[in-house]
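The values are calculated or read from the model by the stated rules, or taken from the named source; none is laboratory data. Just so you know, these numbers come straight off a predicted model, no measurement behind them. Quick reminder, even Gly has a Cβ in these numbers, built from the backbone with ideal geometry, and neighbours come from all protein chains shown. Accessible surface is based on the protein model in full, side chains and every heavy atom, while ligands, DNA and RNA are left aside. Shrake-Rupley method; radii C 1.70, N 1.55, O 1.52, S 1.80 Å.
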Amino acid sequence: MAEIIVQKLVKRFGLKSVLKGLDFEAKAGEFVGLLGPNGAGKTTLLRILASLSRPTIGLVKVAGFRLPQQAAGVRASLGVLSHQTMLYGNLSGEENLKFFGKVYNVGDLETRIIEVLDLVDLAKRRRDLVRTYSRGMAQRLAIARAMIHNPAILLLDEPYTGLDQDASLMLDAILKQIAAQGRTVVMTSHDLVRTAELCSRFDVLSRGKIIASARRGEIPRDGLLAFYRQAINPEREVENA
Amino acid sequence: MPKQPSLTSFWKAMWAVVWKDLSAERRSREIFSVMVVFSLLVVIISNFALDLNPKTQREITAGMLWITFTFAGTLGLNRSMAIEKENNCLDGLLLSPVDRTAILFGKVIGNLLFIFMVEIIVLPLFSIFNNINLLNAGLLITLVLGSIGYVVVGTFLSTITVQTRTGNILLPILQFPIILPVIISAVRASTFFLQNQPMELIWPNLNLMIAFDLIYIALGVIFFDYLVEE
């Protein structure tokens, strides 16, 4: 059963159409990599799925709830991680999780906080203020924040931006662990190597539409770059061939 | 039809936002200290700059008080919402499965507590510097009513202005024309209380403040959800 269904989605900002009749679907347990050039509409799509932005026209259903009418149901079902951490610098890691746990109505919050801090390996620094964390640590805590209510769906918007090599490897390991738990994940990224490693399906978004889609087994192991280039600019790829 | 997940109650979410703002402020003192220092500077400068006789001083005290709280409040409101903008925390709040007006009222209560704390510190000092007894029950009621209207409008508007590059400047430009009725009424009611004028003169001003507060609380409930969505 599809956890995310998007049909004929149009999003306009004033006269400019960013999404132009987009169709998209993600089944339960799928890890979808959403690729595309800057300005293609990837973040706009994720913001609509997260109920942060209203669709202009079209059907959007997440976890069985329709947007924008059943937005609260959608919000309770998903976690969102972007390159901005959405964390309060003047609160400790533990206080941040406590706050978000309260607004997500998490039962047995103390136990859940320990679980997610262990997941991101930050238990030792839980009492330190977030403003003293490195970028990598803050991003790991942001994963804990996104996971505090144990969501079935995760939306990741450029989660690797600004991370150094070690922090990126750590994020890889955490995301693999999360994916193995059977959650539905949609991730936007410009990092094709990481996308190829993590995702089970690759969709290319360009000029407001999904223009190509492939499952992991349908393209060669190191063929994601060629698949992406072919989708974005088919004529040039034919010339190169 | 999927099972509706458990949503957070309005009150629980609202108090979580208040707890978060107070906890962060306890650590940083970014809002409170700026408001208090600014207010004290106004009290001191006005005391030395205006060499007034007691009668005139009594007449302008209420005006000076409200000028102080209005400008100090703007500094606090700007900072309070700027904290939500840092690291895109506002999106984190908006992603939670709560009635979004709980977020608005959580921020309003937090901002009100900050402005009340400033008023508690500034009032006795104002009394000492100006040799006027400001510990007057009527004046305190006026301060509460005026502050509620001021903070509700300011918090509501700061969610718009914080999205702009010139938010700090834009907030007072948008806010002051709107809050003018409540500030004028607050100054008049405060002056009448300090001059021990009859209640017939004071009631119309108090009524206007109550009506203003209720109208803007209702507008907040109606429009906040639309305001924070793109």
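Pairing residues of the stretch A:157-169 that are at pLDDT below 85 with residues that are in a helix (DSSP H, G or I) and open to solvent by 60 Å² or more (accessible area, probe 1.4 Å), at Cβ distances under 8 Å and at least 6 apart in sequence or on separate chains, gives A:162/A:135; A:163/A:135; A:164/A:135; A:167/A:135. Selection of the stretch A:104-120 for residues being away from chain B (no Cβ under 11 Å), part of a loop (DSSP other than H, G, I, E, B) and buried (at least 20 other Cβ atoms within 10 Å of the Cβ) yields only A:120.
In the set B:109, B:103, B:83, B:121, only one residue is closer than 22 Å to residue A:131 by Cα, assigned to a helix (DSSP H, G or I) and of a type in the set (Val, Ile, Thr); that residue is B:83. When residue B:203 is tested against (1) closer than 24 Å to residue B:90 by Cα; (2) aromatic (Phe, Trp, Tyr); (3) over 16 Å from the mean Cα position of the chain (by Cα), only condition (1) is not met. Residue B:96 passes every criterion in (1) more than 14 Å from chain A (Cβ to nearest Cβ); (2) outside any helix (DSSP H, G or I) apart from (1). Kindly evaluate residue B:104 against the criterion of being surrounded by 23 or more Cβ atoms within 10 Å (Cβ to Cβ), away from chain A (no Cβ under 14 Å), touching a residue at least 60 places away in the same chain (Cβ under 8 Å) and closer than 18 Å to residue B:22 by Cβ. Considered against the rule, which asks whether it is surrounded by 23 or more Cβ atoms within 10 Å (Cβ to Cβ), away from chain A (no Cβ under 14 Å), touching a residue at least 60 places away in the same chain (Cβ under 8 Å) and closer than 18 Å to residue B:22 by Cβ, residue B:104 comes out as no. The set of residues in the stretch A:29-47 being within 13 Å of chain B (Cβ to nearest Cβ) and more than 19 Å from residue A:211 (Cβ to Cβ) consists of A:47 alone.
To keep it simple, each residue is scored yes or no on (1) within 21 Å of residue A:119 (Cβ to Cβ); (2) of a type in the set (D, E, K, R).
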| residue | (1), (2) |
| --- | --- |
| A:172 | yes, yes |
| A:184 | yes, no |
| A:187 | yes, no |
| A:198 | yes, no |
| A:204 | no, no |
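Per the listing B:174, B:201, B:170, the residue uniquely modelled with pLDDT under 95 and closer than 20 Å to residue B:59 by Cβ is B:201. Within the stretch A:48-81, being of a type outside the set (A, V, I, L, M), more than 7 Å from chain B (Cβ to nearest Cβ) and open to solvent by 20 Å² or more (accessible area, probe 1.4 Å) holds for A:55, A:56, A:58, A:61, A:66, A:68, A:69, A:70.
Go through B:169, B:202 for me and flag whichever is out of contact with any strand residue (DSSP E or B) (no Cβ under 9 Å at 6 or more places or on another chain), within 30 Å of residue A:12 (Cα to Cα) and hydrophobic (A, V, I, L, M, F, W, C). After applying the criteria, what remains is B:169. Taking into account only those residues within the stretch B:46-64 that are within 22 Å of residue B:139 (Cβ to Cβ) and of a type in the set (A, V, I, L, M, F, W, C), which is nearest to the other protein chains (Cβ to nearest Cβ)? That would be B:64.
Does the stretch B:125-135 contain any residue that is buried (at least 18 other Cβ atoms within 10 Å of the Cβ), in a loop (DSSP other than H, G, I, E, B) and away from every other protein chain (no Cβ under 14 Å)? Yes - at least one qualifying residue is present in the stretch B:125-135.
For the residues B:32, B:69, B:38, the requirement of being of a type outside the set (S, T, N, Q) and either without any contact (Cβ under 8 Å) to a residue 40 or more places away in the chain or out of contact with any Phe, Trp or Tyr (no Cβ under 9 Å at 6 or more places or on another chain) (or both) singles out B:38. So, in the stretch B:159-173, how many residues would count as being within 18 Å of residue B:71 (Cα to Cα), of a type outside the set (A, V, I, L, M, F, W, C) and loosely packed, with under 12 Cβ neighbours inside 10 Å? Selection size over the stretch B:159-173: 1.
Looking only at residues in the stretch A:82-95 that are farther than 25 Å from residue A:188 by Cα and among the polar types (S, T, N, Q), the one that is nearest to the other protein chains (Cβ to nearest Cβ) is A:90. For residue A:24, the test of being in contact (Cβ under 8 Å) with a residue 12 or more places away in the chain and away from chain B (no Cβ under 13 Å) is passed. Taken together, the residues in the stretch A:195-210 that are open to solvent by 10 Å² or more (accessible area, probe 1.4 Å) and more than 11 Å from residue A:156 (Cβ to Cβ) amount to 8. Looking at B:50, B:41, just one residue is open to solvent by 10 Å² or more (accessible area, probe 1.4 Å) and modelled with pLDDT of 90 or more, and that residue is B:41. The set of residues in the stretch A:141-177 being among the charged types (D, E, K, R), open to solvent by 30 Å² or more (accessible area, probe 1.4 Å) and not in a loop (DSSP other than H, G, I, E, B) consists of A:166, A:176. A single entry from A:138, A:142 fulfils the requirement of being more than 16 Å from the chain's Cα centre (by Cα), hydrophobic (A, V, I, L, M, F, W, C) and under 30 Å from residue A:39 (Cβ atoms): A:138.
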